[in-house]
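J.: If you scroll down you'll find the structure; I have some questions about it.
The values are calculated or read from the model by the stated rules, or taken from the named source; none is laboratory data. Please read these numbers as outputs of a predicted model, since none were measured by experiment. Please note: Cβ atoms are built from the backbone with ideal geometry, for glycine as well, and neighbour counts cover all protein chains shown.
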Amino acid sequence: MAEKLRNCKGCGKLFMSSGGVFCPACIEKQHQDEQRIVEYVGEHPDSTILDIVKDLEISEAIVRRLIEEGRLLQAGIDYHYPCAKCGAPIVSGQYCDSCAEQLKAAIVAERAKRDAIKPRVGMRYQNYSG
C-alpha cells in the first residue's frame, strides 16, 4: 500500500501514513499510556474509569477506547464497565450481547420496513399523469 500524507488523529500533525490514522509519536504515547493503565488497574482492580483518568491524567476518551477495544482484556486484566444501553457489566465493546442483538434486530426491522415502502416498479415503467 502506498503511503499518503495525512493528519494524525491524535495530535493533528502531518505524517506519512500507510493506512494508520496515528503518527508514530502518538502510537508510542498510546503504548505508554496503555502500559500505565494496565499497571494501574492491576494494582487497583476495583478502580473506575474516572479513577484511572484522574490518577493517571490520561484522557477519558483514550481510556475508554483501550477498554472497548479489549486491550486490557488482552493484557490479562478482567476489567468490567457498564453497557451503554442497560448498564450490565461488559469487558469489551459498547453494548452487552443482549443489547447488541436487540439493536441488530431493530436495524433489520427498519431495513425491511424501508424496503416495503420502496416502489416496486422501476422508474422507466411508472405511469406519470400530468
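J.: Can you tell me which residues in the stretch 1-15 are surrounded by 12 or more Cβ atoms within 10 Å (Cβ to Cβ), among the hydrophobic types (A, V, I, L, M, F, W, C) and not in a loop (DSSP other than H, G, I, E, B)?
T.: Phe15
Yes or no, residue by residue, for (1) out of contact with any helix residue (DSSP H, G or I) (no Cβ under 7 Å at 6 or more places or on another chain); (2) under 19 Å from Gln30 (Cα atoms):
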residue: Leu50; (1), (2): yes, yes
residue: Glu57; (1), (2): yes, yes
residue: Val63; (1), (2): no, yes
residue: Glu68; (1), (2): yes, yes
residue: Tyr81; (1), (2): no, no
residue: Asp97; (1), (2): yes, no
residue: Leu103; (1), (2): yes, no
residue: Ala109; (1), (2): yes, no
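J.: If you go through the stretch 37-55 one residue at a time, do you hit one that is in contact with a Ser or Thr (Cβ under 8 Å, 6 or more places away or on another chain), acidic (Asp, Glu) and part of a loop (DSSP other than H, G, I, E, B)?
T.: So far as the stretch 37-55 goes, no, none of its residues is in contact with a Ser or Thr (Cβ under 8 Å, 6 or more places away or on another chain), acidic (Asp, Glu) and part of a loop (DSSP other than H, G, I, E, B).
J.: Only residues that are assigned to a helix (DSSP H, G or I) and over 19 Å from Ser92 (Cβ atoms): list them for the stretch 16-30, please.
T.: Pro24, Ala25, Cys26, Ile27, Glu28, Lys29
J.: Would it be correct to say that Arg111 is surrounded by 13 or more Cβ atoms within 10 Å (Cβ to Cβ) and among the charged types (D, E, K, R)?
T.: Considered against the rule, which asks whether it is surrounded by 13 or more Cβ atoms within 10 Å (Cβ to Cβ) and among the charged types (D, E, K, R), Arg111 comes out as no.
J.: Take the residues in the stretch 85-130 that are within 18 Å of Ile52 (Cβ to Cβ) and among the hydrophobic types (A, V, I, L, M, F, W, C), then tell me which one is modelled with the highest pLDDT.
T.: Within the stretch 85-130, the match that is modelled with the highest pLDDT is Ile90.
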